[in-house]
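Working notes, beginning with the structure itself.
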Amino acid sequence: MKNALLILLVACSSGSGQRQAKGWADGIALGQAEDQDPDTHIVDVSLEARVAPRELRPGVVTELWTYDGQVPGPTLRVRRGDVLRVRFTNHLPAPTTIHWHGLRIDAAMDGSEMTQAPIQPGASFTYELTPPDAGTYWYHPHHDSSGQVGQGLYGALIVEDDEPPLGDEAVLVLSDASVKDDGTLRPPNDTGWFGDYFGREGNVLLVNGRVLPEIKTRTGAPERWRIINASRARFYELSVPDHVLEQVASDGGLLERPRAIGSLRLVPGERMDVVVTPKPEAASRTEVMWHDMDRYGIGYTRDPERLFVLVKSDLPPWSEPARSDAVMRDFSPLDVSTASTRRIELGEKAAGGTTVLAINGQAYSEALPIDAHVGTTEIWEIVNTTSYDHPFHLHGFSFQVLDTKNNLRAREWKDTVNVRGKSTLRFAVYFDDRPGMWMFHCHILDHAALGMMGMLHVIGHGDTHR
């Protein structure tokens with residue numbers, strides 16, 4: 001899954017002048033973690049979880065759970081194949097962990113309850129990762145995930161390639177918060193079972209922790225947006241009128257070729273990199289709107305809401321062409337000729353006088369791990385028996401979505417994919433030499449807490465027991 005020869009999608013400036021307006025992304029700028037190791041192949045950072053005040057609405061202070069006092073937490077950047085060492089300290093009033101969403105790393109560093117005891121208040125833990133794949137990833141707790149993500153614990157993790165960046169880029173972390181009129185957060189378990197079943201969406205939409213921020217644009221000048229859906233339950237469809245949109249990367253890094261798209265659609269946990277180019281007819285101010293994706297399939301959608309604003313600069317149009325026809329990544333489909341098929345059924349069950357969510361008829365509290373073996377390829381058939389959507393996330397391994405003929409539906413690597421209500425989705429996954437216990441679950445984090453989570457035991461060579 002390594003990136004091959006990379007041909008730049010976006011032609012970088014070659015001395016012909018500044019492409020974007022100065023400070024074009026200042027309105028959404030994120031904090032960056034400071035590397036404390038002089039070794040160019042090691043990124044060594046300290047990260048602290050603590051409660052801190054943030055002003056989500058003008059003049060209204062909200063106490064949030066933060067990494068280093070920031071929401072989102074500081075962006076972590078490392079080159080593919082280099083070491084990322086995170087010296088983490090928990091100063092929250094509750095235990096926590098960090099899960100590195102999408103990274104193909106050793107199971108011991110995955111941060112789930114299957115591999116790590118929760119880090120207690122006042123305690124520390126050092127995560128050491130060597131990401132093998134360039135791409136856009138993120139980090140968040142995997143202990144009381146819904147509550148802790150909803151209170152502000154999430155951040156971006158960018159794994160860069162050996163090649164230079166594809167021109168001007170910005171990271172956009174999409175999230176929401178449940179805030180009362182006085183600025184206090186609603187309880188993480190607000191509305192109880194009802195909130196678990198339907199998924200909790202906040203009433204304040206945020207981009208990089210800000211309400212309705214601005215990004216500067218220039219006619220004809222492409223911008224690469226690395227977009228992360230860090231909401232615990234909200235689905236996003238974003239419209240960007242009078243702009244050309246080309247998706248260039250998915251969860252697991254670059255696509256084989258750019259893909260023209262009409263809107264931006266991300267389910268919880270999902271990422272995409274998009275090159276956005278303003279057309280000459282684009283207005284001086286373009287409001288990027290959130291649209292309801294009707295994840296419950298009821299045929300009713302809520303009114304759109306403003307998310308952020310694109311402000312066109314007064315610079316003359318950019319005239320250098322983009323290389324959108326370039327091959328970006330060699331992509332070999334997985335060989336599924338001898339792959340076995342595994343059925344994963346997402347459903348509901350009655351338990352104790354109420355309804356819980358389940359995988360293969362078992363809620364997480366009663367489920368046993370399923371076994372796979374290092375060096376094998378499997379086809380997973382995800383069958384959604386409910387009438388509503390579930391974004392399915394597999395820890396530690398990327399997969400290729402298939403159509404009914406076992407061919408690639410799209411040339412991309414995924415780790416989070418939406419499974420529509422009353423539908424079946426198939427993907428191929430290869431279990432490389434990283435044995436251990438891994439999680440898979442619905443990434444509506446409330447659904448995982450209500451039981452839609454399972455365990456995968458990848459058995460190494462010569463290891464036949466748990």
- Message: Against the condition under 30 Å from Met114 (Cβ atoms), assigned to a loop (DSSP other than H, G, I, E, B), more than 21 Å from the chain's Cα centre (by Cα) and without any contact (Cβ under 8 Å) to a residue 60 or more places away in the chain, how does Asp44 come out, does it pass?
- Response: no
- When you scan segment 63-91, how many residues do you find that are under 23 Å from Ser175 (Cβ atoms) and among the small types (Gly, Ala, Ser)? 2
- Flag if Leu8 is modelled with pLDDT of 95 or more and either part of a strand (DSSP E or B) or not assigned by TED's automatic domain parsing to the domain that holds Gly150 (or both): no
- Task: State whether the residues of segment 192-209 include one that is among the charged types (D, E, K, R), assigned by TED's automatic domain parsing to the domain that holds Thr62, part of a strand (DSSP E or B) and touching a residue at least 40 places away in the same chain (Cβ under 8 Å).
- Result: no
- Top-ranked residue in segment 246-286 [being among the β-branched types (Val, Ile, Thr) and in a strand (DSSP E or B); ranked as surrounded by the fewest Cβ atoms within 10 Å (Cβ to Cβ)]: Ile261
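So is Ser332 small (Gly, Ala, Ser), assigned to a loop (DSSP other than H, G, I, E, B) and under 30 Å from Val374 (Cα atoms) or not?
Values: small (Gly, Ala, Ser): yes; assigned to a loop (DSSP other than H, G, I, E, B): yes; under 30 Å from Val374 (Cα atoms): yes.
Judged against the criteria, Ser332 is a match.
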- Message: So, in segment 82-135, exactly how many residues are over 21 Å from the mean Cα position of the chain (by Cα), closer than 24 Å to Pro369 by Cα and small (Gly, Ala, Ser)?
- Response: 1
- Message: All but one of (1) acidic (Asp, Glu); (2) out of contact with any helix residue (DSSP H, G or I) (no Cβ under 9 Å at 6 or more places or on another chain); (3) surrounded by fewer than 23 Cβ atoms within 10 Å (Cβ to Cβ); (4) in contact (Cβ under 8 Å) with a residue 60 or more places away in the chain hold for Glu223; state the number of the condition that does not hold.
- Response: (3)
- Message: Which numbered condition in (1) out of contact with any strand residue (DSSP E or B) (no Cβ under 8 Å at 6 or more places or on another chain); (2) closer than 26 Å to Asp415 by Cα; (3) free of Cβ contacts under 8 Å to residues at least 60 places away in the same chain; (4) not hydrophobic (A, V, I, L, M, F, W, C) is the only one that Gly59 fails?
- Response: (2)
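Within segment 244-289, track down each residue that is of a type in the set (Val, Ile, Thr) and touching a Ser or Thr at 6+ places or on another chain (Cβ under 9 Å). Please lay out each step first, then the result.
From segment 244-289, those of a type in the set (Val, Ile, Thr) are 244, 248, 261, 267, 274-277, 286, 288; that's our starting set.
Once the filter is applied, which keeps residues that are of a type in the set (Val, Ile, Thr) and touching a Ser or Thr at 6+ places or on another chain (Cβ under 9 Å), segment 244-289 yields Val244, Val248, Val267, Val275, Val276, Thr277, Thr286, Val288.
Among the residues of segment 353-384, write down those that are in a loop (DSSP other than H, G, I, E, B), under 18 Å from Ser340 (Cβ atoms) and among the aliphatic types (A, V, I, L, M).
Of all residues in segment 353-384, those in a loop (DSSP other than H, G, I, E, B) come to 353, 360-361, 363, 367-369, 374-376.
Those still in the list that are under 18 Å from Ser340 (Cβ atoms) too: 360, 369, 374-376.
Within segment 353-384, Val374 is the sole residue that qualifies.
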- Query: Looking at segment 65-72, is at least one residue surrounded by 20 or more Cβ atoms within 10 Å (Cβ to Cβ), in contact with a Pro (Cβ under 9 Å, 6 or more places away or on another chain) and not in a strand (DSSP E or B)?
  - Reply: no
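Inside segment 217-234, can you point out the residues that are within 12 Å of the chain's Cα centre (by Cα) and of a type in the set (Gly, Ala, Ser)? Outline the logic, then answer.
Residues of segment 217-234 within 12 Å of the chain's Cα centre (by Cα): 226-232.
If the condition is that a residue be within 12 Å of the chain's Cα centre (by Cα) and of a type in the set (Gly, Ala, Ser), then Ala230, Ser231 are the ones that fit.
The values are calculated or read from the model by the stated rules, or taken from the named source; none is laboratory data. Worth saying up front: this structure is predicted, and the values here are computed from it rather than measured. For neighbour counting, all protein chains shown are included, and Cβ atoms are generated from backbone atoms with ideal geometry for every residue, glycine included.
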